[in-house]
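**Student:** Shown below is the structure under consideration.
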Amino acid sequence: MYQVKILQANQNDILEELINMWLREQTEVNVVDIKFHSHSLSTGMTEYVAVMVYEVQA
């Protein structure tokens, strides 16, 4: 069964570190796909989002 993990941050490098931290914590996960999205919240403020589809290995 596929599951979804959504991570978000206000800086792209922080989002990258959050992804790396989450992946290090997982022992039986196979990431199938990752989509990245960013959008402007207001002047000078951007939100960065990663949507990961993964399955847990039994």
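**Student:** Quick check on my filter: what residues within the chain are basic (Lys, Arg) and touching a helix residue (DSSP H, G or I) at 6+ places or on another chain (Cβ under 7 Å)?
**Tutor:** The one that is basic (Lys, Arg) and touching a helix residue (DSSP H, G or I) at 6+ places or on another chain (Cβ under 7 Å): Lys5.
**Student:** Those residues that are open to solvent by 50 Å² or more (accessible area, probe 1.4 Å) and of a type in the set (Val, Ile, Thr), I need them from region 13-26; list them, please.
**Tutor:** Of everything in region 13-26, just one residue is open to solvent by 50 Å² or more (accessible area, probe 1.4 Å) and of a type in the set (Val, Ile, Thr), namely Ile14.
**Student:** Next up: Of the residues in region 27-58, how many are open to solvent by less than 70 Å² (accessible area, probe 1.4 Å) and in contact (Cβ under 8 Å) with a residue 12 or more places away in the chain?
**Tutor:** Matching residues across region 27-58 total 16.
The values are calculated or read from the model by the stated rules, or taken from the named source; none is laboratory data. Note that the coordinates shown come from a computational prediction; the quantities given were computed from them, not determined experimentally. So basically every Cβ, Gly included, is an ideal-geometry build from the backbone, and we count neighbours across all protein chains shown. For the accessible areas, the whole protein counts, side chains as well, though only heavy atoms, and no ligand, DNA or RNA atoms are used. Shrake-Rupley method; radii C 1.70, N 1.55, O 1.52, S 1.80 Å.
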